[in-house]
Amino acid sequence: MAVSKYMKLVARQGLYCKIKLREFSSSSCRLQEVTTPVSSSSEQNAAPVETKEGPQILSRSLKFPVDHTHPRLAWLDSMSSIESKKLGLLDLHPDIFATYPRVDLLHKNVHWQKMYRYINYNFEPSRAEMPGGGRKPWPQKGLGKARAGSIRSPLFIQGAKAFGPRGPINYFFMLPRSQRATGLRVALTCKYTQNDLVIVDNFDIPTADPDFLSEMADVRFWGHSILFVDDSDVMPEKISEAVHQIRGFNLMPAYGLNVFSMLKHETLVLTLAALERIEGKLLEELHTTAVETKYVNKLRPEDFRTRPKVDSTMYKSFTKPLEF
Amino acid sequence: MAAYTVALFRACSQCKRILKPVSAAIDKSHVSKLWSVLEGSKRLLTTAPPQSTDKIEDKSEYPVDFEISYDEFKHVLPLLPIETVPGVPNHPSYPTPSGWFPPNLELRSKQKYLVRRTKNHMLPVYPGTTHKRIEHIKTVQHYVHIKKIEGDIWALEADLRLHLQQKTGLPKIKTQVHEVGRFIRVRGMYADEVASFLFGRGM
């Protein structure tokens, strides 16, 4: 275990150095200018370029570019073999992958994700709902005892609880939209800076054998829990079958990406399509023209009842027998 | 699907009372929905979705002769609202007639800190008020909120405080620095002063 941890550290250091070298080489000019000529006719955003070694991606045009920092870099990996096979380098938007680590927003997001689905079922009956207690236990005066009106008073042993928890209570609320988006950006930033972000071209693995995937995770130092995120929710068969059999490995579509899952899993594996989708959506959210409105929950308990609430007072005042 | 409906009808025909409502309820859409659920997700994915029931009964008031053209949708696109804030258009000279000018990148890169422009290309400097009681008297406290700060936030605060002290001649300017939230609050109605200070630093 200790050895593997050390190896992981070494591997991370190596990757870090490589990235650093690439950054130092030139911040403005692309790698493509230095190494291989790339056909300029590729209109696609991140078009793989066919070379002798195989398809390679050497640049990626970013929407909403910024002028105060350089784009961050990540390897484009492949899952076709157990050993990692670098297909190219990707530019990542610094607004998404190099934001300030707002730990408070991270906590807010996790808290929101826990609380909005939490229902407190604790219930304590009130003094009116407990049996007995209608009679005055002893006379008001003349006994030298404290005056008491009911044996179910909260002062009594086995009496009711004053202001106890009442019934199922939901804690649903919505975190502001901007804070949810910022939480995602911060979580992605944390994953990237801790070198826990892996970007692959697709999830095509040669076999559906879970041993293959777990060995791949071992060899590449991905850790014990991995979150695989793809663009669509219809995943390739082999990886779905393999992931289903390994505890700690999870598949998720890009629209299901959330802060809690990202923090829970050690490594985040994105496909290129998922990266495009997530980055595009978060950038759109950053530059949106829409004015943020406060979420108001207009749902009342009545809306969840299967049948309308019966007004019992109406029946009580109804003295005449019903005629049919 | 046909066999399924026949079975349902047979089951219902034993009880004449419920035959009527059930036969009315068996609609094409209902049965197809049930069928798709029984078949499972694979069937759902492979086959076409069940035909939607057309709620429009009287079609006489709707136009009949029309042609669907996808090419001419480009004339509709400019009428749709813009989803993201567009970039700054190329102006011949700065400042523009409205007084706006872009950040000075050279000057800005020399500073230890950075105040980024908002998505609407403006400075993130916002004046505001809070209410405070001083000896049972309600007073209004004015402040200036500076957001989107990157880099050395304490250096910015020191520079800003010194600048405001020199400008106003006051011995003390009260500021509040939030290191995690990346913002600075300055007490007083100094929004214009703060903005001019930041413009002077190329922000």
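Could you please find all residues in the range B:69-89 being more than 14 Å from A:Phe64 (Cα to Cα), within 14 Å of chain A (Cβ to nearest Cβ) and over 14 Å from the mean Cα position of the chain (by Cα)?
B:Leu80
Residue-by-condition table, conditions (1) open to solvent by less than 10 Å² (accessible area, probe 1.4 Å); (2) away from chain B (no Cβ under 14 Å); (3) touching a residue at least 24 places away in the same chain (Cβ under 8 Å):
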site: A:Met79; (1), (2), (3): yes, yes, yes
site: A:Ile82; (1), (2), (3): no, yes, yes
site: A:Asp95; (1), (2), (3): no, no, yes
site: A:Thr99; (1), (2), (3): no, no, yes
site: A:Arg102; (1), (2), (3): no, no, yes
site: A:Lys108; (1), (2), (3): no, no, yes
site: A:Trp112; (1), (2), (3): no, yes, yes
site: A:Tyr118; (1), (2), (3): no, yes, yes
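Would you mind finding the one in B:Phe9, B:Phe101 that is open to solvent by 60 Å² or more (accessible area, probe 1.4 Å), more than 14 Å from chain A (Cβ to nearest Cβ) and modelled with pLDDT of 55 or more?
B:Phe101
Give me a count of the residues in the range A:174-184 that are touching a helix residue (DSSP H, G or I) at 6+ places or on another chain (Cβ under 7 Å) and farther than 15 Å from A:His107 by Cβ.
So the count comes out to 1.
Check B:Thr96 against each of (1) farther than 25 Å from B:Ile149 by Cα; (2) within 14 Å of chain A (Cβ to nearest Cβ) and name the one condition it does not meet.
Only one criterion in (1) farther than 25 Å from B:Ile149 by Cα; (2) within 14 Å of chain A (Cβ to nearest Cβ) is unmet by B:Thr96, namely (2).
Could you list, in sequence order, the residues of the range B:164-187 that are away from every other protein chain (no Cβ under 14 Å) and either of a type in the set (Phe, Trp, Tyr) or touching a residue at least 40 places away in the same chain (Cβ under 8 Å) (or both)?
B:Arg185, B:Val186, B:Arg187
If a residue must be surrounded by fewer than 15 Cβ atoms within 10 Å (Cβ to Cβ) and out of contact with any Asp or Glu (no Cβ under 9 Å at 6 or more places or on another chain), how many such residues does the range A:282-300 contain? I'd like the intermediate steps shown before the answer.
Just the residues of the range A:282-300 that are surrounded by fewer than 15 Cβ atoms within 10 Å (Cβ to Cβ), to begin with: A:289-300.
Now drop any that are not out of contact with any Asp or Glu (no Cβ under 9 Å at 6 or more places or on another chain), which leaves A:291-300.
Going through the range A:282-300 one residue at a time, the tally reaches 10.
Look at A:Arg127 and say whether it is surrounded by 13 or more Cβ atoms within 10 Å (Cβ to Cβ), more than 14 Å from every other protein chain (Cβ to nearest Cβ) and farther than 30 Å from B:Gly181 by Cβ.
yes
Quick one: is A:His68 assigned to a helix (DSSP H, G or I), without any contact (Cβ under 8 Å) to a residue 60 or more places away in the chain and either touching a Leu at 6+ places or on another chain (Cβ under 7 Å) or open to solvent by 60 Å² or more (accessible area, probe 1.4 Å) (or both)? Explain how you work it out, then say what you get.
Values: assigned to a helix (DSSP H, G or I): no; without any contact (Cβ under 8 Å) to a residue 60 or more places away in the chain: yes; either touching a Leu at 6+ places or on another chain (Cβ under 7 Å) or open to solvent by 60 Å² or more (accessible area, probe 1.4 Å) (or both): yes.
When the stated conditions are applied, A:His68 does not pass them.
Out of A:Asn109, A:Asn195, A:Asn202, A:Asn122, report the one residue that is of a type in the set (S, T, N, Q), in a loop (DSSP other than H, G, I, E, B) and in contact with a Phe, Trp or Tyr (Cβ under 9 Å, 6 or more places away or on another chain).
Values: A:Asn109 fails: in a loop (DSSP other than H, G, I, E, B); A:Asn202 fails: in contact with a Phe, Trp or Tyr (Cβ under 9 Å, 6 or more places away or on another chain); A:Asn122 fails: in contact with a Phe, Trp or Tyr (Cβ under 9 Å, 6 or more places away or on another chain).
So the residue among A:Asn109, A:Asn195, A:Asn202, A:Asn122 that is of a type in the set (S, T, N, Q), in a loop (DSSP other than H, G, I, E, B) and in contact with a Phe, Trp or Tyr (Cβ under 9 Å, 6 or more places away or on another chain) is A:Asn195.
The values are calculated or read from the model by the stated rules, or taken from the named source; none is laboratory data. All of these numbers come straight from a predicted model, not from anything done at the bench. No Cβ is skipped: glycine too gets one built from the backbone with ideal geometry, and neighbour counts run over all protein chains shown. When the accessible area is computed, the model is the full protein with side chains, heavy atoms only, and any ligands, DNA or RNA have been set aside. Shrake-Rupley method; radii C 1.70, N 1.55, O 1.52, S 1.80 Å.
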